[in-house]
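J.: Would you mind keeping the following structure in view while I ask a few things?
The values are calculated or read from the model by the stated rules, or taken from the named source; none is laboratory data. No experiment lies behind these values; they were computed from the predicted model shown. Note that we place each Cβ from the backbone using ideal geometry, even for glycine, and neighbour counts take in every protein chain shown.
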Amino acid sequence: MKYAVLSDIHGNHPALLKVLEDAKHRNIDHFILAGDYCLSGAWPDDCIQTVSGIPQKMIIRGNEEKYLENLTGKDQSTWTDGQMQISYWCYRNISPENLEYLLSLPQTAEFEINGTRIHVAHSSDHFLGEYEFPRFGPGPIAERYASMRVTPKLLSRDIRGILDNDPYFSEKVRELEDGVYIFGHSHVQWSYKVSDRDILLVNPGSCGLPLDAVEESVPYTVLTITDEGKAEAEEIRIPFAKEEYVERLKQTSQYEQAHVWSKLITQELLTAREHVTFFLQFAEEYANMKNDSRRPFSLETWEEAYAEWESRHPH
């Protein structure tokens, strides 16, 4: 049995369609989806409509779905800050039916294939605690590789090197039962087979907004479970015309109404490296400098901080 495993679509409908097309060419019609279908790309409604229509799937929600849930029933006249404009835009551009579907999804899932237990959660924190992000999350990846060209082979080798030589990781893995553990959230594709256990860890990366420094492609993973229950992961990278996507994004109402976030996201997509977290840290410093304690950041502070950030980080 083969499953296409994907996560973190983030409103990038063209990339989602590319993944589905590639899976079809591989004769894969079973899917595991690990959350974050909206926010950042300008086609959230299309993404929800597409994933909800996949016949054979196991699907859970992610943290972005929680943000949308938190906006449900709130007074939209108070949505005046700058920081959350992307969430407000997204909420307003999802149909009630699709929002209801999204918020009905479970946070985790477990099922069995040929005697092998499959565990699905949005973040590896659910299985490994706060292990992944400090070591090879998008922030450390951006700093580690800076402007160097990164191949999938190099990324896989470096992550495996970290895991192979970390006693703390070995300790965390010993706490797990045998099976396959699937998660996303970090936007970094990796998989790891524990040598002395029947444990396979799978992060398919983000097919909508990869931040693993591998440029010019979007990832997903093919999970194979043999009749005997043996699990294997094959990491897939699909060529994706990112510049063309960015030009389309610039023509949308999202780019106009959530301009700062949209510009940050385009830089993340083009470079496959983290920008948002670093900007949020800068915005916090900027707001403190002007004695602005309002959080989320006011529209004025948000835009001023980005203008200053952009002047220091020309594209």
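J.: Is it true that TYR37 is of a type outside the set (Asp, Glu) and over 16 Å from TYR220 (Cα atoms)?
T.: For TYR37, the condition - of a type outside the set (Asp, Glu) and over 16 Å from TYR220 (Cα atoms) - is not met.
J.: Please determine whether any residue of the stretch 13-21 is assigned to a helix (DSSP H, G or I), within 30 Å of TRP302 (Cβ to Cβ) and either over 19 Å from the mean Cα position of the chain (by Cα) or of a type in the set (Asp, Glu) (or both).
T.: Taking every residue of the stretch 13-21 in turn, none turns out to be assigned to a helix (DSSP H, G or I), within 30 Å of TRP302 (Cβ to Cβ) and either over 19 Å from the mean Cα position of the chain (by Cα) or of a type in the set (Asp, Glu) (or both).
J.: Given (1) within 28 Å of MET148 (Cβ to Cβ); (2) part of a helix (DSSP H, G or I), identify the lone condition not met by ASN288.
T.: Unmet for ASN288, out of (1) within 28 Å of MET148 (Cβ to Cβ); (2) part of a helix (DSSP H, G or I): (1).
J.: Tell me whether the stretch 223-238 contains one or more residues that are of a type in the set (Lys, Arg) and in contact with a Pro (Cβ under 7 Å, 6 or more places away or on another chain).
T.: Taking every residue of the stretch 223-238 in turn, at least one turns out to be of a type in the set (Lys, Arg) and in contact with a Pro (Cβ under 7 Å, 6 or more places away or on another chain).
One line per residue, one yes/no per condition, for (1) surrounded by fewer than 15 Cβ atoms within 10 Å (Cβ to Cβ); (2) out of contact with any helix residue (DSSP H, G or I) (no Cβ under 7 Å at 6 or more places or on another chain); (3) assigned to a loop (DSSP other than H, G, I, E, B); (4) at positive phi:
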site	(1), (2), (3), (4)
ASP45	no, no, no, no
THR80	yes, no, yes, no
TRP89	no, no, no, no
TYR101	no, no, no, no
ILE118	no, yes, no, no
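J.: Could you please give the count of residues in the stretch 129-143 that are without any contact (Cβ under 8 Å) to a residue 60 or more places away in the chain, surrounded by fewer than 19 Cβ atoms within 10 Å (Cβ to Cβ) and not in a loop (DSSP other than H, G, I, E, B)?
T.: Counting residues in the stretch 129-143 that are without any contact (Cβ under 8 Å) to a residue 60 or more places away in the chain, surrounded by fewer than 19 Cβ atoms within 10 Å (Cβ to Cβ) and not in a loop (DSSP other than H, G, I, E, B) gives 5.
J.: Moving on. Which numbered condition in (1) of a type outside the set (Val, Ile, Thr); (2) farther than 20 Å from HIS187 by Cβ; (3) out of contact with any strand residue (DSSP E or B) (no Cβ under 7 Å at 6 or more places or on another chain); (4) in contact (Cβ under 8 Å) with a residue 60 or more places away in the chain is the only one that SER40 fails?
T.: Only one criterion in (1) of a type outside the set (Val, Ile, Thr); (2) farther than 20 Å from HIS187 by Cβ; (3) out of contact with any strand residue (DSSP E or B) (no Cβ under 7 Å at 6 or more places or on another chain); (4) in contact (Cβ under 8 Å) with a residue 60 or more places away in the chain is unmet by SER40, namely (2).
J.: For the stretch 158-198, what are the residues that are β-branched (Val, Ile, Thr), buried (at least 19 other Cβ atoms within 10 Å of the Cβ) and out of contact with any Leu (no Cβ under 6 Å at 6 or more places or on another chain)?
T.: The answer is ILE159, VAL173, ILE182, VAL188.
J.: Still on this structure, please answer the following. Which of the residues that make up the stretch 47-78 are part of a helix (DSSP H, G or I), charged (D, E, K, R) and in contact with a Gly (Cβ under 9 Å, 6 or more places away or on another chain)?
T.: Answer for the stretch 47-78, where residues must be part of a helix (DSSP H, G or I), charged (D, E, K, R) and in contact with a Gly (Cβ under 9 Å, 6 or more places away or on another chain): GLU64, GLU65.
J.: Something else about it: I'd like to know if the stretch 255-275 contains one or more residues that are among the polar types (S, T, N, Q), exposed (fewer than 14 other Cβ atoms within 10 Å of the Cβ) and at pLDDT 95 or above.
T.: So far as the stretch 255-275 goes, no, none of its residues is among the polar types (S, T, N, Q), exposed (fewer than 14 other Cβ atoms within 10 Å of the Cβ) and at pLDDT 95 or above.
J.: Quickly run through the stretch 146-163 and pick out the residues that are small (Gly, Ala, Ser) and touching a residue at least 60 places away in the same chain (Cβ under 8 Å).
T.: Hit for the stretch 146-163 is SER156, nothing else.
J.: For the stretch 145-157, which positions are surrounded by 14 or more Cβ atoms within 10 Å (Cβ to Cβ) and either closer than 18 Å to THR271 by Cβ or touching an Asp or Glu at 6+ places or on another chain (Cβ under 6 Å) (or both)?
T.: Matches in the stretch 145-157: TYR145, VAL150, PRO152, LEU154, LEU155.
J.: Tell me, yes or no, whether the stretch 241-254 has at least one residue that is in a strand (DSSP E or B), of a type outside the set (A, V, I, L, M, F, W, C) and either farther than 20 Å from GLU112 by Cβ or touching a helix residue (DSSP H, G or I) at 6+ places or on another chain (Cβ under 7 Å) (or both).
T.: No: the stretch 241-254 contains no residue that is in a strand (DSSP E or B), of a type outside the set (A, V, I, L, M, F, W, C) and either farther than 20 Å from GLU112 by Cβ or touching a helix residue (DSSP H, G or I) at 6+ places or on another chain (Cβ under 7 Å) (or both).
J.: So for the stretch 235-243 (the condition being free of Cβ contacts under 8 Å to residues at least 24 places away in the same chain and not aromatic (Phe, Trp, Tyr)), does at least one residue qualify?
T.: Yes, that holds for at least one residue.
J.: Please state which of the following conditions LYS24 fails to meet, knowing it meets all the rest: (1) under 21 Å from ASN203 (Cα atoms); (2) buried (at least 16 other Cβ atoms within 10 Å of the Cβ).
T.: All conditions pass for LYS24, except number (2).
J.: Scan (1) touching a strand residue (DSSP E or B) at 6+ places or on another chain (Cβ under 8 Å); (2) over 20 Å from TYR3 (Cβ atoms) for the single condition GLU130 breaks and write down its number.
T.: (1)
J.: Test ALA231 against the stated conditions and say whether it is outside the structural domain of SER262 (by TED's automatic domain parsing) and within 17 Å of the chain's Cα centre (by Cα).
T.: The answer is no for ALA231.
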